[in-house]
1. Putting +1 on Lys and Arg Cβ atoms and -1 on Asp and Glu Cβ atoms, find which of A:A60, A:L117, A:I133 reaches farthest to the positive end of the dipole of the range A:49-269.
2. Suppose the chain between B:E268 and B:T105 were pulled fully straight at 0.36 nm per residue; how much longer would it get relative to their current alpha carbon spacing?
3. Among rounded, prolate and oblate, which fits the range A:25-165 when a ≥ b ≥ c are the square roots of the eigenvalues of its C-alpha gyration tensor, a/c under 1.5 means rounded, and a/b larger than b/c means prolate?
4. Hey, which aspartates and glutamates would be in cross-link range of B:K299, C-alpha to C-alpha under 16 Å, not counting anything within fewer than 8 residues on its own chain?
5. Considering the options C:W11, C:L178, C:Y34, tell which one lies farthest towards the positive end of the dipole of chain C, charges being +1 on Lys and Arg and -1 on Asp and Glu at the Cβ, about the Cα centre.
6. Identify all aspartates and glutamates with a Cα-Cα distance to B:K170 below 18 Å; exclude those on the same chain that are fewer than 8 residues away in sequence.
7. Could you check the spin-label model distance between B:K151 and A:V186? Points 7 Å from the Cα along Cα→Cβ, value in nm.
8. Where in chain A lies the longest segment free of chymotrypsin sites (Phe, Trp or Tyr not before Pro) that are both loop residues by DSSP (not H, G, I, E, B) and have at most 16 other Cβ atoms within 10 Å?
Amino acid sequence: MNKARSAAFPYILWSVLFTVLPLLLVAYFAFTNGSGTFTLDNFANLGEYTAVFVRSLLLALISTLLCFMIGYPLAYILSRESARRQQIMIMLVMLPMWMNFLLRTYAWLTILENNGLINRLLEFLGFAPLHMINTQGAVVLGMVYNYLPYMILPIYTVLIKLDYRLIEAAHDLGANPAKTFFRVVVPLSMPGVSSGITMVFMPAVSTFIISKMLGGGSSLMVGDLIEMQFLGNAYDPNLGAAISLVMMVIILISMLLMGFFDSEDKAVIM
Amino acid sequence: MDVISLRNISISFDGEPVLKSISLNIRDKEFITLLGPSGCGKTTTLRIIGGFTKPDRGDVFFDGQRINGLPPYKRHVNTVFQRYALFPHLNVFENIAFGLRITKTPEKVVRQKVGEMLSLVNLSGFEKRQSGALSGGQQQRVAIARALINKPRVLLLDEPLGALDLKLRKEMQGELKNIQKRSGITFIYVTHDQEEALTMSDTVVVMNAGEILQVGTPEDIYNEPRNAFVADFIGESNIIPGVMPADFAVDFCGGRFECVDKGFEKDEPVDIVLRPEDLTLIEAGNARIHGVVRSVTFKGVHYEIIIEGMGCMWTVHSTDYAAVGTEAGLEFEPFDIHIMHKS
Amino acid sequence: MAPEKLVRRFWESIRHIKTFIYRFYVWLVLVFFYAPIFVLMVFSFNNSKSRTVWLGFTFDWYLQLFKDETIMHSVYVTLVVAVLAALLSTVLGTAAAIGIAGMGKRQRALIMNVTYIPVLSPEIITGVSIMLLFVWSGLKLGMLTLLLAHISFDVPFVILSVSPKLRQLDPHLFEAALDLGAKPMSAMRKVILPQIWPGVITGMLMAFTLSVDDFVISYFTSGPTSQTLSITIYAMTRKRVSPEINALSTLLFIVVLTLLVIVNLRQSRDNKQPQRKEEDVR
C-alpha cells in the first residue's frame with residue numbers, strides 16, 4: 001500500500017494550512033504589535049486582567065469538581081445496570097449534548113430570571129423571590145449543565161470495561177463492598193476520571209457564552225476577554241492572541257498534570 | 001525449464017538485512033517449499049515473486065524475462081494469502097469470480113469457470129455462502145479456487161495451513177498435493193513446518209537468516225543435511241562435534257568410529273549428526289557410548305529417552321523401555337553417521 | 001429458622017432500598033438535563049410573548065418562524081455549509097485515512113498528533129486562530145471562510161471514524177485484489193471502499209451534525225452576510241426575545257433526535273454484523 005500514502009497529501013497540505021499555520025499565527029500576533037514589530041507589551045499588559053484569569057480558573061475548577069461529584073456516582077450506577085437499560089440511559093445522557101448549546105443555556109435564562117419559573121413558583125408558594133440570574137452561581141450552573149456529560153461518558157466507558165473478575169477477586173480476598181469500591185473500582189477508573197476532568201475543565205475555562213448569558217457580563221471570563229479583542233469593541237488581535245496563548249499554556253499544564261498525554265487511549269474522549 | 005529464477009536478490013527493512021543475495025531456480029510444474037524458522041526471509045522471497053515487495057538489488061525472471069518492475073496485477077502468478085484474505089463483502093461465488101470480473105468476462109463463462117473451480121476444491125453448493133460463514137478449511141479452499149481461476153503459471157502459498165487444526169491440516173496437505181498434480185501449476189509453498197515440507201514437496205529450500213542453506217529433494221535434505229542448522233531443523237538430531245582424521249573414519253566422544261563419508265581435509269573439525277531413531281539401546285557394559293538415563297517420555301509409537309554420557313545429551317527413540325537413573329549404552333551403524341562441515 | 005429468615009429479609013430490603021436510591025438519583029440527574037429543554041418546548045406552544053406565563057395553546061410561533069427571513073436565511077446558510085463541509089471533509093478525510101494507514105509508524109504518529117489538535121483544543125482557540133489566518137491573508141470573511149473553517153474541524157472526526165475500520169481490515173485484502181488482476185484504483189473501489197463504507201457514512205453524519213451544531217468557530221469565521229443558525233440564535237438571545245426561539249429549539253431537538261437515532265442504529269447494526277456471521281456457522 002506504499003502508493004496509497006499519496007492519498008493523504010491533500011489532507012497534509014490542508015492541516016498545515018488550516019491547523020498548524022493558524023496556531024503559528026497566534027504566536028506571531030502575540031509577540032508583535034499592530035505594525036508587525038516584535039514586542040512583549042501584549043504580555044506585559046496582561047497584568048490588568050489577573051482578576052479575570054483568577055475568576056475563570058476558579059469558576060472552571062468549581063464546575064469541574066461539581067461535575068465530578070455528580071457524574072461519578074451516575075457513571076457508576078449506569079455501569080451496574082442491565083445492558084439494555086445502559087444503552088437507553090447513555091442515549092439520554094448524550095442527547096442534550098447534541099441540542100444547540102446556546103438554546104440549552106438560554107433555557108436556563110428563562111428558569112433563573114427574576115420573574116422566571118423558579119421565582120414564579122416561589123411567589124405562588126408565598127416565599128420571597130431569589131436573585132439568581134447574573135450571578136457567578138448561575139454561571140457555574142450553566143457550565144455544570146453543559147459539560148456534565150463530558151464527565152459521565154469517559155468514566156462510564158472505563159467502568160464498563162472493568163474486568164468484573166477483579167471485583168470478585170477482591171471479595172474473595174475478604175474486602176467488603178465499600179472497601180472493594182474504594183480500593184479496586186476507584187483506582188482502576190482513574191484514567192476515565194482524568195480524561196473527564198480534562199474534558200470539562202478545558203471548555204469551562206475557555207467559555208465565553210455562558211458567562212455572557214447567565215452571568216450578565218458581571219463575571220467576565222477569559223473567553224469573553226479573547227472574544228472582545230477579536231469581535232468586540234476593544235478590537236486588538238495582538239492582545240487577544242497573547243491572552244489565547246496564555247490560556248493554551250494553562251490548559252496544556254493542566255492536561256500534563258492530569259497525565260492526559262500518558263494515556264495511549266485518547267479515544268476515551270469520543 | 002525454469003519458470004522463475006531469482007538472481008542475487010537482496011533486501012533490507014529499516015537497515016536490517018532480510019535477504020542476503022539469494023539465488024534460486026524454480027522448475028516448471030514442481031512443488032517447491034521454502035522452509036525455515038520465522039524471520040528467515042521465506043515470506044519476503046514469496047512477496048518478491050508475487051510483486052508485492054521490490055528487492056533492493058537483484059533480478060527476478062519469469063520464463064527468462066526480467067519482471068522486476070512489473071506490478072502484481074500484470075504477473076501470471078497468483079497468491080493464497082496467510083489467513084486467506086477473502087473479501088468479506090462478497091459471497092463464495094463472487095470471491096472466486098473476482099479475477100474474471102476484473103477482466104469483464106461474460107457471465108456465462110464466469111458461471112462455468114467458477115463451477116469448475118468449486119468442484120476442483122470440493123465446494124459445489126456453497127456459492128451463496130458469505131465468506132465469513134465458512135469454516136477455516138472451507139475458507140482455505142475458496143482462497144485456492146480464487147487464486148487458480150486466472151489459470152496462473154505459478155501459485156504462491158504463504159503458510160496456507162497455519163490457521164487449521166492438526167487433523168484438518170493433514171487432510172489439506174494431501175488435497176493440495178492432488179490439486180497441484182491435477183492442475184499442472186507450479187506451487188511455491190512457504191512453511192515453517194518441516195514435516196509438511198517433507199511430505200508435500202518435490203524440492204525443499206531450507207532458509208535461515210536471509211540465506212538459502214540447502215536445496216534438494218526431501219530425502220536429500222533429511223539424509224544428507226549440509227550443516228548442523230539444517231540437520232537440527234529437519235527432524236530431531238544429536239549433533240556432536242568431532243574431527244575427520246582420514247576418509248571413512250571420524251573421532252568423537254573419545255573414540256574412533258568407522259563411517260561412509262570421505263573428501264574432508266585431514267583433521268578437519270566437523271559436526272556429526274546421529275538421528276534419534278538410528279540409535280539402538282544396548283547393555284551399558286560393552287557399549288562404546290554409554291551414560292545414565294535422565295528422562296523417559298512416552299510418545300505413542302516409541303519412547304523418547306534422554307541419556308547423559310560422554311559429555312553429551314543423547315536423544316534416543318526406542319520401542320524398548322529404560323528406567324530413569326539406570327545405565328544404558330548406545331549402538332549405531334557406520335552409515336547412520338552423517339558428517340557435515342562446520343557452518 | 002425464624003431469625004435467619006428475618007436476617008435475609010432485612011438484607012433483601014436493604015438491596016431494594018439501594019436499587020431505589022440508585023434509580024432515584026439517575027432520574028434526578030435526567031430531570032436536571034431535560035427540565036430546561038422541556039420548558040423551552042412547552043412555551044413554544046404558548047399563546048403569549050411571555051417566557052414564563054402560560055396563556056393557552058397556539059402554533060403561531062411555528063408559522064412566524066417560517067416567515068422570519070433572517071432565520072430562514074440562516075437555516076439556508078447552515079444547511080449549505082454543513083452539507084458542503086460534510087461532503088468535502090468526507091472525501092478529504094477518507095483519502096487521508098487510507099493514506100495514513102499506508103504510512104510508517106513515525107509518520108503516522110506525527111500526522112495523527114496534528115489531527116488531534118482541533119479535536120483537543122478549546123473551540124475558541126480553533127476559531128480565533130483560523131480567523132487570524134483569514135485576517136492575515138486578507139481573505140474576506142463570508143461563506144467561503146465559513147466553509148473552510150468547518151471543513152478544518154470536521155476532517156479529523158472523519159479520519160477518526162474511518163481509521164478504525166481500516167485497521168480492522170485484513171492487511172492482505174488490497175494485495176489479494178491486485179494479485180487477481182485489479183489495478184490499484186479498482187482494488188480500492190471494489191475491495192477497500194465497501195469494507196470501510198460504514199465508517200465513511202458515520203464520519204459524514206458526524207461532520208454534518210458538528211457543522212450544524214457549531215457556534216464558536218462559526219462566530220469567529222463568518223461575515224455579516226453568512227450567519228449560521230447558531231449565530232442568529234445568539235443574536236436573538238442578546239436582543240429581541242421571541243418565543244420563535246422556543247419553536248426553533250423544539251424543531252431542532254426533533255431533527256437532532258432523529259439523526260442521533262439513525263447514527264446509533266447504524267452503529268449497533270455494524271457491531272452486530274460479525275456476531276450474526278458466527279451464528280450462521282453453527
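1. The Cα lying farthest towards the positive end belongs to A:L117.
2. Result for the pair: 52.2 nm of gain on full extension.
3. Cα axes put the range A:25-165 in the oblate bin.
4. The qualifying aspartates and glutamates are B:E236, B:E277, B:D320.
5. C:W11
6. Straight-line reach from B:K170, under 18 Å: B:D158, B:E159, B:D193, B:E195, B:E196, B:D202.
7. Each label point lies 7 Å from its Cα, and together they span 7.5 nm.
8. In chain A, the maximal stretch lacking such sites is A:1-126.
Values quoted throughout were computed directly from the atomic coordinates according to the rules given, and no laboratory measurement underlies them. All values derive from a computational prediction rather than experimental measurement. All Cβ positions, even for glycine, are placed from backbone atoms using ideal geometry, and neighbour counts span all protein chains on display.
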